[in-house]
Amino acid sequence: MSDLMEDPIAGAHKEAEKKKQPKKARVISESLKKFREISAKAAAGGPPEKIAAQKAKGKLTARERIAYLTDEGSFQEIGLLVESRCTDFGIKDKHIQGDGVVTGFASIGGRKIALFAEDFTQLGGSLGLAHARKIATIMDMALAARMPVIGILDSGGARIQEGVDSLDGYGEIFYRNTKCSGVIPQISIILGPCAGGAVYSPALTDFVFMVKGISNMFVTGPEVVKAATGEEVDFETLGGSMTHASKSGVCHFVANSEQDCFRQVKELLSLLPQSRYEAPAPEETKDPENRKMAILERLCEVDPRRPYRVHHVIWWLSDDHKFLEVHHNYAKNIVTGFIRMGTQVVGVVANNPAHMAGALDINGSDKAARFIRFLNNFNIPILSLVDVPGYWPGVAQEHGGIIRHGAKLLYAYCEATVPKVTLVLRKAYGGAYIAMSSKYMRGDLNFSLPVAEIAVMGPRGAIEILFSKQIKEAKPEDRDALRAKLAAEYSEKFASPYQTASIGSIDEIIEPASARERLIGAFRILSGKRRPGEHEHTGNIPL
Ligand code: HXC
């Protein structure tokens, strides 16, 4: 009879006998020893000199990054022992376990996530077929089990020794990025080089994080640029974090250090649902819903042309004055980000009079449209704060395609079926008034402050067109007074919220001080408008 089939009572007697005898040293079986040795070697990553080189660049290793990002002890690795099958250039003989990427599942703030972290200390984190398959595997599982995917990228790109296999690997990842788009949140953290076509995986995800002095993204590096165009440019200027955060718009969040970056990722994640089949979790607050909005009372008192940062309004509207801004450095004329109102997550889209007078332009339209589509995919209601004088004029805008890009904003608002609440703060003129979640974009509840100017165009522009003959015919010294009189008449009749409210294009003109309470109430009224997963699925195409 084997040990396993032993009579349980006789077995219990034997155990009692054993306890009486002095303890012997524990013998670890050979197979267990081998398993532990192999696992420890694989988990160590690249050789010590490569780890030292990584540290010398001020970078953490892949596993340290995972430890910082995830809840302690929560990481469950998948594919630790996967190796490349490539026989060229001696890759297989090197037995690089893990193949330059650590993949698995973990929790962040108690919520499960899938993640991969490229390991630059192994073959420069380059992507071969096995490496790509590891990433694809956890993406497939994340999609099936409905959880966000977080990728940490630190790689020399396509593994040159594996030829087209590496390109195929990227193709598989791009395909999955697209399939996951709008179904589960996808976050990319660039913590090293990210070059060539490799940049397109992060670009297909919802949010890209970069760290100053550590992250680079470019399709062709400085040397190729110099050979092709003669331009001399360094890595940071060509594709560093600030370049992508402020010029190209590829990067949504910039951090000062890797640790700062992980803190930001955690904050973002706390505001998102696990998938499009859920809504973000509420968060309790002691901030009174009826907290008075003195800032909006002041806005009603100052010169309507005085610029201000709309961030102040957002901070005062939100629970505990918290606002996670997305794309802070890009297209500053429109502000996008997440707040909570009455415990619930709300996405804010706001014109920002402090920059370009808050006018809509190409970059601002793209930025807002993509954010709105993200919110709609993930059941996050939209608050639009309107203070917009129109579209930014100019040949560059027309030739750059403001018609095509501006249309994306219209499309995104019209398409969105999540609750949409709009507050017109001051100006809402012309086509930009329609675009900014007006009733005709199917804004659900549209409010305005008493000082709002809602009209086909601003009074000054309007009177120059309507009364050009009278102004020309007036004596030069009388013209300014005439203009002021006509503008006042126009404003009284058209540039106020009363005409708009009388035809129902604004639902209510509200008391500025009670704006927070009214908006929270509006979102509460609309909370049953759409249940998660009910809307027709659209991906979050990079606009
Ligand atoms: C194989 C690579 C590699 C790659 C780096 N390594 N990139 N191995 N394929 N693509 C290896 C190096 O040989 C070296 O190996 C180790 O990684 C560390 O690289 P170093 O050059 O020593 O590091 P560093 O000085 O920090 O320079 C980092 C780098 C540089 C700037 C990323 O390595 C580089 O320029 N790599 C090539 C980038 C590139 O052109 N990739 C292909 C892009 S095309 P040892 O053995 O010395 O440790 C592409 C197409 C994708 O990606 C298309 C997708 C659709």
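The values are calculated or read from the model by the stated rules, or taken from the named source; none is laboratory data. Values in this document were obtained by computation on a predicted structure and should not be read as measured data. Neighbour counts are summed over all protein chains in view; Cβ atoms, including those assigned to glycine, are modelled from backbone coordinates with ideal geometry. Each accessible area value is taken on the protein alone, full model and side chains, heavy atoms only, with ligands, DNA and RNA left out. Shrake-Rupley method; radii C 1.70, N 1.55, O 1.52, S 1.80 Å.
Determine, yes or no, whether N216 is polar (S, T, N, Q), modelled with pLDDT of 95 or more and more than 24 Å from K57 (Cβ to Cβ).
Details: polar (S, T, N, Q): yes; modelled with pLDDT of 95 or more: yes; more than 24 Å from K57 (Cβ to Cβ): no.
Against the criterion (polar (S, T, N, Q), modelled with pLDDT of 95 or more and more than 24 Å from K57 (Cβ to Cβ)), N216 does not qualify.
In region 126-133, is there at least one residue being more than 22 Å from the chain's Cα centre (by Cα), at pLDDT 95 or above and more than 14 Å from the ligand (Cβ to nearest atom)? Taking every residue of region 126-133 in turn, at least one turns out to be more than 22 Å from the chain's Cα centre (by Cα), at pLDDT 95 or above and more than 14 Å from the ligand (Cβ to nearest atom).
One residue is enough: does region 127-145 have a residue meeting the conditions among the polar types (S, T, N, Q) and over 26 Å from D260 (Cα atoms)? Yes - at least one qualifying residue is present in region 127-145.
Quick one: is M141 modelled with pLDDT of 95 or more and assigned to a loop (DSSP other than H, G, I, E, B)? Break it down into steps so the answer makes sense when it comes.
Details: modelled with pLDDT of 95 or more: yes; assigned to a loop (DSSP other than H, G, I, E, B): no.
No, not satisfied.
Scanning region 96-125 for residues that are in contact with a His (Cβ under 7 Å, 6 or more places away or on another chain) and either among the small types (G, A, S) or within 11 Å of the ligand (Cβ to nearest atom) (or both) yields one hit, G100.
Quickly run through region 248-278 and pick out the residues that are hydroxyl-bearing (S, T, Y), under 27 Å from V219 (Cα atoms) and assigned to a loop (DSSP other than H, G, I, E, B). Outline the logic, then answer.
Start the filter on region 248-278 by keeping residues that are hydroxyl-bearing (S, T, Y), which leaves 248, 257, 270, 275, 277.
Those left that are additionally under 27 Å from V219 (Cα atoms): 248, 257.
The answer is S257, and nothing else.
Would you mention how many residues in region 186-217 are within 16 Å of the ligand (Cβ to nearest atom), part of a strand (DSSP E or B) and in contact with a helix residue (DSSP H, G or I) (Cβ under 7 Å, 6 or more places away or on another chain)? Outline the logic, then answer.
If we filter region 186-217 for residues that are within 16 Å of the ligand (Cβ to nearest atom), which is where we start, we get 188, 190-205, 210-211, 213-217.
Now drop any that are not part of a strand (DSSP E or B), which leaves 188, 190, 193-195, 210-211, 216-217.
If we keep only those that are in contact with a helix residue (DSSP H, G or I) (Cβ under 7 Å, 6 or more places away or on another chain) too, we end up with 188, 190, 194, 210-211, 216-217.
Count: 7.
If I filter region 466-478 for residues that are within 24 Å of I382 (Cα to Cα), surrounded by fewer than 17 Cβ atoms within 10 Å (Cβ to Cβ) and among the β-branched types (V, I, T), do I get at least one hit? Walk me through how you get there before you give the answer.
As a first pass, look at region 466-478 and keep what is within 24 Å of I382 (Cα to Cα): none.
Among the residues of region 466-478, not one is within 24 Å of I382 (Cα to Cα), surrounded by fewer than 17 Cβ atoms within 10 Å (Cβ to Cβ) and among the β-branched types (V, I, T), which makes the answer no.
Taking the conditions exactly as written (under 18 Å from the mean Cα position of the chain (by Cα) and either buried (at least 22 other Cβ atoms within 10 Å of the Cβ) or of a type outside the set (F, W, Y) (or both)), does G347 satisfy them or not? When the stated conditions are applied, G347 passes them.
On the basis of being touching a residue at least 60 places away in the same chain (Cβ under 8 Å) and open to solvent by 20 Å² or more (accessible area, probe 1.4 Å), does G163 make the cut?
Numbers: touching a residue at least 60 places away in the same chain (Cβ under 8 Å): yes; open to solvent by 20 Å² or more (accessible area, probe 1.4 Å): yes.
Spelling it out, G163 is indeed touching a residue at least 60 places away in the same chain (Cβ under 8 Å) and open to solvent by 20 Å² or more (accessible area, probe 1.4 Å).
Here's the yes/no breakdown for (1) open to solvent by less than 60 Å² (accessible area, probe 1.4 Å); (2) among the polar types (S, T, N, Q); (3) under 26 Å from G213 (Cα atoms):
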{"site": "K33", "(1), (2), (3)": "no, no, no"}
{"site": "S39", "(1), (2), (3)": "yes, yes, no"}
{"site": "K50", "(1), (2), (3)": "no, no, yes"}
{"site": "K55", "(1), (2), (3)": "no, no, yes"}
{"site": "G98", "(1), (2), (3)": "yes, no, no"}
{"site": "Q122", "(1), (2), (3)": "yes, yes, yes"}
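Here region 166-185 is the region considered, the condition is being away from the ligand (no atom under 14 Å from the Cβ) and either of a type in the set (A, V, I, L, M) or farther than 22 Å from K112 by Cβ (or both), and the residue that is most open to solvent (accessible area, probe 1.4 Å) is V183.
For (1) among the acidic types (D, E); (2) closer than 19 Å to I150 by Cα, each residue gets a yes or a no:
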| position | (1), (2) |
| --- | --- |
| D206 | yes, yes |
| M210 | no, yes |
| V224 | no, no |
| D234 | yes, no |
| H244 | no, no |
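Please specify each residue of region 350-378 satisfying the condition of being over 19 Å from the mean Cα position of the chain (by Cα) and surrounded by 23 or more Cβ atoms within 10 Å (Cβ to Cβ). Result: N352, P353, G358, L360. Taking region 499-510 as the range and being over 33 Å from the mean Cα position of the chain (by Cα) and either under 17 Å from N290 (Cα atoms) or open to solvent by less than 20 Å² (accessible area, probe 1.4 Å) (or both) as the test, only T500 passes.
Could you tell me whether G213 is within 26 Å of C261 (Cβ to Cβ) and open to solvent by 40 Å² or more (accessible area, probe 1.4 Å)? Give the steps one after another, and end with the answer.
Working: within 26 Å of C261 (Cβ to Cβ): yes; open to solvent by 40 Å² or more (accessible area, probe 1.4 Å): yes.
So G213 fits the description; yes.
So, in region 268-280, of the ones that are in contact with a strand residue (DSSP E or B) (Cβ under 6 Å, 6 or more places away or on another chain) and open to solvent by 10 Å² or more (accessible area, probe 1.4 Å), which residue ends up nearest to H252 (Cα to Cα)? Spell out how you get there, then give the answer.
The first filter runs over region 268-280 and keeps only residues in contact with a strand residue (DSSP E or B) (Cβ under 6 Å, 6 or more places away or on another chain), leaving 269, 271, 280.
Then drop every residue that is not open to solvent by 10 Å² or more (accessible area, probe 1.4 Å), which leaves 271, 280.
On the way: L271: 15, P280: 20 Å.
Ranking the candidates gives L271 first.
Would you call T103 surrounded by fewer than 21 Cβ atoms within 10 Å (Cβ to Cβ), touching a strand residue (DSSP E or B) at 6+ places or on another chain (Cβ under 8 Å) and farther than 23 Å from N256 by Cβ? No, not satisfied. For T137, the conditions (1) touching a helix residue (DSSP H, G or I) at 6+ places or on another chain (Cβ under 8 Å); (2) under 30 Å from G533 (Cα atoms); (3) open to solvent by 10 Å² or more (accessible area, probe 1.4 Å) all hold with the exception of (1).
Yes/no matrix, rows are residues, columns are (1) part of a loop (DSSP other than H, G, I, E, B); (2) in contact (Cβ under 8 Å) with a residue 12 or more places away in the chain; (3) closer than 22 Å to K179 by Cα:
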position: R36; (1), (2), (3): no, no, no
position: K41; (1), (2), (3): no, yes, no
position: A52; (1), (2), (3): no, no, no
position: A67; (1), (2), (3): no, no, no
position: E72; (1), (2), (3): yes, no, no
position: A136; (1), (2), (3): no, yes, yes
